[in-house]
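Input: a single structure, listed below in structure tokens.
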Amino acid sequence: MKFNKLTPLLFALLLVFGAQAKSKKSESHIADKSNKQKLWIWMNPSQEAPERYYDSLYTVWRNYGVTGVFLEADVEKAFRSAKKHGLEAHRWMWTMNRGDILKQHPEFAAVSRNGKSTADAPPYVDYYRWMCPTHPGVAEALKKEVESLCKKDYIDGIHLDYVRYCDVILPFTLWKNYGIEQQLEHGEYDFCYCDRCRKLYAEKYGVDPLTIKYPDQALSWRAFRYEQVVNIVNEVCKVAHTYKKPVSAAVFPTPEVARRLVRQDWVRFPIDAVCPMVYHSFYDEQPAWIKTAVKEGVDFMDGKKPLYAGLFLEGFKNIEELKEGVKMAIEGGANGVSLYSIPTLEQLKAVQSALKETKK
């Protein structure tokens, strides 16, 4: 997930609004199981921006109900400024899609059913460089990174993204972007068939997955891959929890969609909170579907951890539709929402208003 930098004009506006708003003290952490609603924003901070930029931005956000931020880069001043202004600051890290790690360790790469390594032939787009979760070096690399992050006092928690396999099937509305139709699972997008995965599966089930005639129908082969991602999350959470840092994750919209499209069984993740990306426009759905999707996740988890519905701001046609989306999320049982992309002040006001109107 990527963001555009704010324009100089918006920066100037933030300075004005920021001077008028008052900062509030942080009250809780993401693992808090109270009924308090939370409003998160995914953002990509820049080292180039001065500290006063973050001070102004966070002052405005706090004044309009934002409670925390997921920061995609380790920019210390962005984290410290967030904490200073009463926001929880969590490090948003890519997990299994890691081209930077594969540059050093191409042997970690996932391999498609067609025999292509993501280190050399990434599917869909160039930055899709997926690692294989069964390779022991992958878990060790991620654990080391999480430990390094958790040792930093300005980081409140870890937020996992791309904690899954590559999309074996893309959300429907994205097919046109790549000129493909995916009514079936095609081999070039089906992972992982590396020697290690094939051996481990064969040892347990007595069959080489490459010899399965209809791999998309092989229930044990699906379950095997769900388990591998769960194992990675288990290892990462052990490290973070040792440092008493909560872990959350951005996941696919519902348990069923997540398992079917990306082999992600997030209901079993030992995390402290979950942020399903209920991006209704990706699935050619109306905002009313957000309630259905959220309710499915809430029902599956049975109240064991808070769920914050991820909303894709560009997917809403207007402010009224955005307010409807927020209301649908809360009515579906969400403990709050997380916004993908920097909101305008009008959008932020609308979200705050909708949250107040549907407060539990």
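The values are calculated or read from the model by the stated rules, or taken from the named source; none is laboratory data. Since the model is a prediction, treat every value here as computed from it, not as a measurement. Cβ sites come from the backbone with ideal geometry, for glycine too, and all protein chains shown count toward neighbours. Calculation scope for accessible area: heavy atoms of the full protein, side chains included, ligands and nucleic acids excluded. Shrake-Rupley method; radii C 1.70, N 1.55, O 1.52, S 1.80 Å.
Computed values, structure above
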item	result
Any hit, the range 248-258, residues being surrounded by fewer than 16 Cβ atoms within 10 Å (Cβ to Cβ) and without any contact (Cβ under 8 Å) to a residue 40 or more places away in the chain	no
Residue in the range 208-219 that is of a type in the set (A, V, I, L, M) and assigned to a helix (DSSP H, G or I) present	yes
Verdict on LYS238 being assigned to a loop (DSSP other than H, G, I, E, B) and on the phi < 0 side of the Ramachandran plot	no
Qualifying residue in the range 190-205 (condition: farther than 30 Å from GLY332 by Cα, touching a strand residue (DSSP E or B) at 6+ places or on another chain (Cβ under 9 Å), in a loop (DSSP other than H, G, I, E, B) and among the aromatic types (Phe, Trp, Tyr))	yes
Condition check for ARG263: among the basic types (Lys, Arg), within 16 Å of ASP161 (Cα to Cα) and open to solvent by 30 Å² or more (accessible area, probe 1.4 Å)	no
Residue list for the range 275-302, restricted to those being more than 14 Å from PHE312 (Cβ to Cβ), surrounded by fewer than 22 Cβ atoms within 10 Å (Cβ to Cβ) and not polar (S, T, N, Q)	ALA288, LYS291, LYS295, GLU296, VAL298, ASP299, PHE300, MET301, ASP302
Within the range 115-150, considering residues that are aromatic (Phe, Trp, Tyr) and assigned to a loop (DSSP other than H, G, I, E, B), the one least open to solvent (accessible area, probe 1.4 Å)	TYR128
Residue check for ASP195: of a type outside the set (Phe, Trp, Tyr) and either farther than 18 Å from SER117 by Cα or within 23 Å of the chain's Cα centre (by Cα) (or both)	no
Flag for LYS317 being in a loop (DSSP other than H, G, I, E, B) and either in contact (Cβ under 8 Å) with a residue 60 or more places away in the chain or open to solvent by 10 Å² or more (accessible area, probe 1.4 Å) (or both)	yes
Number of the exception - GLY310 against (1) in contact (Cβ under 8 Å) with a residue 60 or more places away in the chain; (2) part of a helix (DSSP H, G or I); (3) crowded, with 19+ Cβ neighbours inside 10 Å	(2)
First in the range 41-59 and more than 14 Å from GLY86 (Cβ to Cβ), second anywhere and at pLDDT below 95 and aliphatic (A, V, I, L, M), Cβ under 7 Å, 6 or more apart	TRP42/MET1; MET43/ILE342; SER56/LEU14; SER56/LEU15
Matching residues in the range 336-359 - criterion: being among the polar types (S, T, N, Q), surrounded by fewer than 22 Cβ atoms within 10 Å (Cβ to Cβ) and not in a helix (DSSP H, G or I)	SER341, THR344, THR358
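To keep it simple, each residue is scored yes or no on (1) charged (D, E, K, R); (2) on the phi > 0 side of the Ramachandran plot.
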position: MET43; (1), (2): no, no
position: THR59; (1), (2): no, no
position: ALA78; (1), (2): no, no
position: GLY86; (1), (2): no, yes
position: ARG91; (1), (2): yes, no
position: ASN114; (1), (2): no, no
